[in-house]
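Below you'll find the structure, written out as structure tokens, and then a few comments.
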Amino acid sequence: MERSIISRVVGEQSKGERLQRLRAIQLIFDELEKSPDISVLVACEHIEDIYVSKEDGNGKQTEYIESDKSYESKCFSLNSDEVKNSIVSFLDVSHHFGKHIRFGFYTNTGITNERTTELLKRHKLELPESELMQLLLDKDYETVLPYLKCIILDDYKKQYQGKNESGYLDAIERYTDEMWIHFLEQIDWKFNQEDEIQLEATLLLKVQRCRLYNTITISGKEQYIIDSLDKELEKRQAFKDPIHRMINTDTVRNKFLEIGNNVAMEKPLDPCYEDWESMEKPFDGRNINSKIKDVSPDYDETMFGIFARKIGSIKTQLRRVQHQERGAYLYRVFEACEEQLIRNVHKQTKDSTVEPPIVDDWIEMLVLSATAHLEDWGKDYNYPFQSENAVRDTIFELIDSCYLAFDRRN
């Protein structure tokens with residue numbers, strides 16, 4: 001009977017999606033630094049978060065699978081879901097695609113202490129003084145293996161419980177300690193690595209150090225190289241065929257040629273994204289519903305469900321945009337709306353409430369103002385959205401997320 005495993009590809013809206021793409025680009029440049037003639041294929045969300053296949057000049061092929069986790073503060077223990085899911089996934093990949101594959105766990109955060117669980121108590125396993133993850137990093141397998149086997153086998157069973165896929169539990173349960181150690185030696189644990197912002201800065205330097213940099217004039221255009229490769233990876237995630245999801249070293253060479261020869265050049269990025277990133281978020285705990293009801297108590301509440309759907313939709317679209325483009329766009333919409341609110345709206349709500357149609361008129365005024373503002377700045381810079389519908393939904397989101405309000409709160 002042919003075995004099957006759980007698909008762990010979660011698509012382009014997964015947490016840390018941009019970190020994955022930047023990390024994939026970094027892996028290509030890492031290989032190009034070793035040799036300009038090496039052949040590398042990279043894909044996001046194929047088998048795992050990142051898939052890499054490379055072939056050196058002698059025809060030797062290697063494969064690498066990486067799980068990427070991006071968090072602001074969360075640290076990991078051996079019993080963290082993210083770590084358990086990754087190890088179970090690596091076990092499946094090792095059995096299903098080949099034991100030659102190497103693995104990586106990449107995160108911008110560190111490790112933390114383990115907590116005693118009912119599972120460990122049932123197996124009479126008392127936690128050692130050192131963190132289990134640290135023992136694994138130190139390759140103290142004699143100490144950590146009893147805990148790891150207990151935790152991972154239990155999680156493997158839970159993940160496949162009630163699933164149609166068969167998995168490889170019976171084979172894994174027969175692993176000797178030597179087999180476990182051989183498997184664990186295939187994993188490269190990368191904690192406290194660069195986050196998205198740091199990784200992008202590193203990539204700028206890697207573009208400059210790339211051997212192609214000196215053969216094609218791209219000085220000052222390094223960001224365009226990174227953005228172009230990022231967009232290419234994002235676009236290819238829509239393909240079902242794994243081959244079509246991949247970019248390779250030839251893709252990098254082509255981007256150098258296109259951008260160096262101004263073939264792929266677009267309008268420059270509006271630098272005001274830095275103003276958005278450094279701007280202090282106003283404190284206003286109200287959502288859009290409360291902000292509207294506070295100035296117009298009779299406003300039709302059935303509209304709030306529509307606003308919520310529009311806000312959810314635009315937030316999804318904004319997440320797919322590179323953070324600099326997103327920041328520049330949001331800043332231009334914000335500054336246009338803020339001016340109109342100060343000039344025309346706040347004085348009307350200072351001492352009284354208004355009828356619902358007035359609120360609708362204000363919203364349309366903000367949309368027209370922001371759209372015109374983007375159109376004018378769009379003569380010099382590029383923005384991800386300019387349609388009235390997108391701008392309207394963005395304004396709803398800015399109202400909902402504290403930045404804009406129809407009244408002024410001291």
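The values are calculated or read from the model by the stated rules, or taken from the named source; none is laboratory data. Model, not experiment: these values are computed from the prediction. Quick reminder, even Gly has a Cβ in these numbers, built from the backbone with ideal geometry, and neighbours come from all protein chains shown. The area values use the complete protein model at the heavy-atom level, side chains included, leaving out ligands, DNA and RNA. Shrake-Rupley method; radii C 1.70, N 1.55, O 1.52, S 1.80 Å.
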Original post:
What are the residues in the stretch 42-68 that are touching a residue at least 12 places away in the same chain (Cβ under 8 Å), over 14 Å from Phe103 (Cβ atoms), among the charged types (D, E, K, R) and open to solvent by 30 Å² or more (accessible area, probe 1.4 Å), if any?
Top reply: Lys54, Glu55, Asp56
**OP:** Within the stretch 255-273, identify whether any single residue is farther than 18 Å from Gln223 by Cα, open to solvent by 80 Å² or more (accessible area, probe 1.4 Å) and at pLDDT below 95, and answer yes or no.
**Re:** no
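Look at the stretch 223-243 and say how many of its residues are part of a loop (DSSP other than H, G, I, E, B), open to solvent by 60 Å² or more (accessible area, probe 1.4 Å) and not acidic (Asp, Glu).
Qualifying residue count for the region: 3.
A quick yes/no check of all residues on (1) over 28 Å from Leu19 (Cβ atoms); (2) open to solvent by less than 50 Å² (accessible area, probe 1.4 Å); (3) touching a Lys or Arg at 6+ places or on another chain (Cβ under 7 Å); (4) not hydroxyl-bearing (Ser, Thr, Tyr):
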site: Glu142; (1), (2), (3), (4): yes, no, no, yes
site: Asp155; (1), (2), (3), (4): no, yes, yes, yes
site: Glu178; (1), (2), (3), (4): yes, no, no, yes
site: Leu205; (1), (2), (3), (4): no, no, no, yes
**OP:** Please indicate, with yes or no, whether at least one residue in the stretch 189-202 is in contact with a Phe, Trp or Tyr (Cβ under 9 Å, 6 or more places away or on another chain), open to solvent by 30 Å² or more (accessible area, probe 1.4 Å) and free of Cβ contacts under 8 Å to residues at least 24 places away in the same chain.
**Re:** no
Original post:
What is the one condition in (1) open to solvent by less than 70 Å² (accessible area, probe 1.4 Å); (2) of a type outside the set (A, V, I, L, M); (3) modelled with pLDDT under 95; (4) more than 18 Å from Leu184 (Cα to Cα) that Gly98 does not satisfy?
Top reply: (4)
Subject >> Among (1) open to solvent by 30 Å² or more (accessible area, probe 1.4 Å); (2) at negative phi; (3) more than 19 Å from the chain's Cα centre (by Cα), the one test that Gly220 misses >> reply: (2)
Subject >> Where Thr349 falls short, out of the listed (1) without any contact (Cβ under 8 Å) to a residue 60 or more places away in the chain; (2) buried (at least 16 other Cβ atoms within 10 Å of the Cβ); (3) within 18 Å of Trp276 (Cβ to Cβ); (4) not hydrophobic (A, V, I, L, M, F, W, C) >> reply: (3)
Original post:
Considering only residues of the stretch 112-140 that are closer than 20 Å to Ser89 by Cα and touching a Ser or Thr at 6+ places or on another chain (Cβ under 8 Å), which is surrounded by the most Cβ atoms within 10 Å (Cβ to Cβ)?
Top reply: Met133
Original post:
Of all residues in the stretch 78-93 being hydroxyl-bearing (Ser, Thr, Tyr) and open to solvent by less than 10 Å² (accessible area, probe 1.4 Å), which is nearest to Ser7 (Cα to Cα)?
Top reply: Ser89
Original post:
All but one of (1) surrounded by fewer than 16 Cβ atoms within 10 Å (Cβ to Cβ); (2) in contact (Cβ under 8 Å) with a residue 12 or more places away in the chain hold for Asp284; which doesn't?
Top reply: (1)
Original post:
Within the stretch 321-339, can one find any residue that is at pLDDT below 90, open to solvent by 50 Å² or more (accessible area, probe 1.4 Å) and polar (S, T, N, Q)?
Top reply: no
